[in-house]
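Below is one structure, written out as structure tokens, with a few remarks after it.
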Amino acid sequence: MKQLFLLLFLLLSGSVMAQMPDYGLYNIHITDSTKTVKTQVNPVSGSVNPRAGLLYYWFGGNIIHEQQGGFSGKLLNGTYEESDNHHHLIVQGAFKNGLKDGTWKSWTEGGRLSGVITWDEGIKNGKFAYYDANGNETQSGRYDRGLLDGKIVYHAGLDSVKTIVYKNGKVVPPKTGSFLKRINIFKKKKEKAAPAPKS
């Protein structure tokens, strides 16, 4: 009978232990004289082979480090929030295996949005927008695998807008002439000049 109770106790305690929350085991909280950082170092899936061109963020020695192409500590993996001494958000985003991933936002000291960038595992990929100190949009568009792509809109004041088209990070020159002039099917072909008579 004692063996049966012991067996039941072991089975129940094992299932209870398996369902216990981590109680913040993977949460990082760093405060210094200018800011507070809250982030996570959740276990990463599989092994991480750093890529030379990417910037990795990791935790070690009670400091968050950033290093291109490598790391030597616990990779940031999960949410990230940075705030000033008045508890105003400065930066908010998420990491995946030490790389910025998803939508990242940044704010000025006055609480105005200063930028929104979409990341895909350490590479700018997707919509972005930048704002001035008053919260007015100054530039917006898209990145494709780290390169500007498509229409990039530049705002110079509230009433002046300039659009530049990019393809794979390079400016696409604008086409000359109006659309109707370019497709005019009725325009005459230039006649070739007759050769000069031989004398």
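The values are calculated or read from the model by the stated rules, or taken from the named source; none is laboratory data. What you see is a predicted model, and the numbers here were worked out from it, not measured in a lab. Neighbour counts are summed over all protein chains in view; Cβ atoms, including those assigned to glycine, are modelled from backbone coordinates with ideal geometry.
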Exercise. Which of the residues belonging to segment 155-178 are touching a Ser or Thr at 6+ places or on another chain (Cβ under 8 Å) and modelled with pLDDT of 95 or more?
Worked result: none
For this session: Identify all residues within segment 37-54 that are among the β-branched types (V, I, T) and modelled with pLDDT of 95 or more; write none if there are none.
Result: V37, T39, V41
Exercise. Do you know which residues across segment 129-152 are surrounded by 14 or more Cβ atoms within 10 Å (Cβ to Cβ) and farther than 30 Å from Q68 by Cα?
Worked result: E137
Exercise. Only one residue in T163, T138, T118, T176 is under 30 Å from N27 (Cβ atoms) and either over 11 Å from the mean Cα position of the chain (by Cα) or free of Cβ contacts under 8 Å to residues at least 60 places away in the same chain (or both). Which one?
Worked result: T118
Exercise. Which one is farthest from A52 (Cα to Cα), of the residues in segment 95-128 that are surrounded by 16 or more Cβ atoms within 10 Å (Cβ to Cβ) and out of contact with any Phe, Trp or Tyr (no Cβ under 7 Å at 6 or more places or on another chain)?
Worked result: T108
Exercise. Restricting the search to segment 63-84, which residues are in contact with a strand residue (DSSP E or B) (Cβ under 7 Å, 6 or more places away or on another chain) and in a loop (DSSP other than H, G, I, E, B)?
Worked result: G70, F71, S72, G73, L76
Exercise. Quick check, is I90 in the same structural domain as G135 (by TED's automatic domain parsing) and of a type outside the set (K, R)?
Worked result: no
Problem set entry | Only one of E66, E109, E81 that is without any contact (Cβ under 8 Å) to a residue 12 or more places away in the chain and out of contact with any helix residue (DSSP H, G or I) (no Cβ under 6 Å at 6 or more places or on another chain) | E66
Exercise. Considering only segment 101-115, how many residues are outside any loop (DSSP other than H, G, I, E, B) and not hydroxyl-bearing (S, T, Y)?
Worked result: 6
Exercise. Would you say I64 is surrounded by 15 or more Cβ atoms within 10 Å (Cβ to Cβ), within 30 Å of H155 (Cα to Cα) and either of a type in the set (A, V, I, L, M) or outside the structural domain of N168 (by TED's automatic domain parsing) (or both)?
Worked result: no
